[in-house]
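The values are calculated or read from the model by the stated rules, or taken from the named source; none is laboratory data. Here the structure is a predicted model, which means the values were calculated and not measured. For neighbour counting, all protein chains shown are included, and Cβ atoms are generated from backbone atoms with ideal geometry for every residue, glycine included. SASA here: full protein model, heavy atoms, side chains in, ligands and nucleic acids out. Shrake-Rupley method; radii C 1.70, N 1.55, O 1.52, S 1.80 Å.
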Amino acid sequence: MFDPPPVRRRPIALIVGGLATALVVVGLGVLFVTGHSATAGFNNASASMEPTWKVGDHLVVNTDAYRSQAPKTGDVIVFHPPAGADQNTCGDADKQQAEACAKPTAAVGSATFVKRIVAGPGDELSIKGGHVYVDGKRQPDPAIVPCGSDGVGCDFPSPITIPPGHWFTMGDNRGESDDSRFWGPVPTAFILGRVDSCAPLQLFCHAKG
């Protein structure tokens, strides 16, 4: 009669080594996924994007979002406005009262804004009651706070054409936003990143609507 073969027990060092290897693999996987999109934090400082975000909300900004693709209408972006934005200076000396500002000043400002892109290069834009019309068609805007009864800055019925490489931005709180209506479209070079919505650990991120 033969004795049963001895049970081989895994050395503790081997088990610990295996766990360490697994953690390294997982860590590399996280780096692989997130390494393609650098992110930065940004605290919303104004009521211009209510109700989408409140003052003080922390936003995740994808600073690599436009490395290989262009911005698009609907994206919420963080950017430096054109110089003179704090005084609503438009770069178009021929701007008419019934038109939104079609051209920014040439220099970049030092402030940092967060707004939504509502029109892009080549789009013909007009604004009526705070609602955006592109090429004569009203654009969907279910999340906005409409303009108040005073109507200041809410009606620019004469269309303008967005120049190449520029993006027309507006706040979702239409009556409380200082935006492209007054100081012009934002050049692509002034954009710092796109506001994203991320899963835990930022494993998966996409543009936040």
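List pairs: first residue in the stretch 84-103 and assigned to a loop (DSSP other than H, G, I, E, B), second residue open to solvent by 100 Å² or more (accessible area, probe 1.4 Å) anywhere in the structure, Cβ distance under 6 angstrom, at least six positions apart or on different chains.
What qualifies is Gly91/Lys103; Asp92/Lys103.
Output the number of the condition that Ala106 fails; it satisfies all remaining conditions of (1) under 14 Å from the mean Cα position of the chain (by Cα); (2) part of a loop (DSSP other than H, G, I, E, B); (3) not aromatic (Phe, Trp, Tyr).
(1)
Starting from residues that are under 20 Å from Ala47 (Cα atoms) and not in a strand (DSSP E or B), keep the ones in the stretch 127-147 and report whichever is least open to solvent (accessible area, probe 1.4 Å).
Gly130
Considering only residues that are over 19 Å from the mean Cα position of the chain (by Cα) and under 19 Å from Val76 (Cα atoms), look in the stretch 116-126 and name the one that is least open to solvent (accessible area, probe 1.4 Å). Walk me through it before giving the result.
Here is the first cut: in the stretch 116-126, the residues over 19 Å from the mean Cα position of the chain (by Cα) are 122-126.
From what is left, the residues that are under 19 Å from Val76 (Cα atoms) are 123, 125.
Values: Asp123: 36, Leu125: 2 Å².
This residue is Leu125.
Please work out if Gly109 is at pLDDT 95 or above and touching an Asp or Glu at 6+ places or on another chain (Cβ under 8 Å).
Numbers: at pLDDT 95 or above: yes; touching an Asp or Glu at 6+ places or on another chain (Cβ under 8 Å): yes.
For Gly109, the condition - at pLDDT 95 or above and touching an Asp or Glu at 6+ places or on another chain (Cβ under 8 Å) - is met.
Mind counting the residues in the stretch 148-173 that are open to solvent by 30 Å² or more (accessible area, probe 1.4 Å), touching a Lys or Arg at 6+ places or on another chain (Cβ under 7 Å) and not in a strand (DSSP E or B)?
2
Would you check if Val55 is among the hydrophobic types (A, V, I, L, M, F, W, C), in a loop (DSSP other than H, G, I, E, B) and either surrounded by 18 or more Cβ atoms within 10 Å (Cβ to Cβ) or out of contact with any Asp or Glu (no Cβ under 9 Å at 6 or more places or on another chain) (or both)?
It is true that Val55 is among the hydrophobic types (A, V, I, L, M, F, W, C), in a loop (DSSP other than H, G, I, E, B) and either surrounded by 18 or more Cβ atoms within 10 Å (Cβ to Cβ) or out of contact with any Asp or Glu (no Cβ under 9 Å at 6 or more places or on another chain) (or both).
Has the stretch 32-52 got at least one residue that is at pLDDT 90 or above, exposed (fewer than 13 other Cβ atoms within 10 Å of the Cβ), farther than 17 Å from Phe190 by Cα and more than 12 Å from the chain's Cα centre (by Cα)?
Within the stretch 32-52, one or more residues are at pLDDT 90 or above, exposed (fewer than 13 other Cβ atoms within 10 Å of the Cβ), farther than 17 Å from Phe190 by Cα and more than 12 Å from the chain's Cα centre (by Cα).
Is it the case, given these coordinates, that Val195 is at pLDDT 95 or above, open to solvent by less than 60 Å² (accessible area, probe 1.4 Å) and under 27 Å from Thr105 (Cα atoms)?
Considered against the rule, which asks whether it is at pLDDT 95 or above, open to solvent by less than 60 Å² (accessible area, probe 1.4 Å) and under 27 Å from Thr105 (Cα atoms), Val195 comes out as no.
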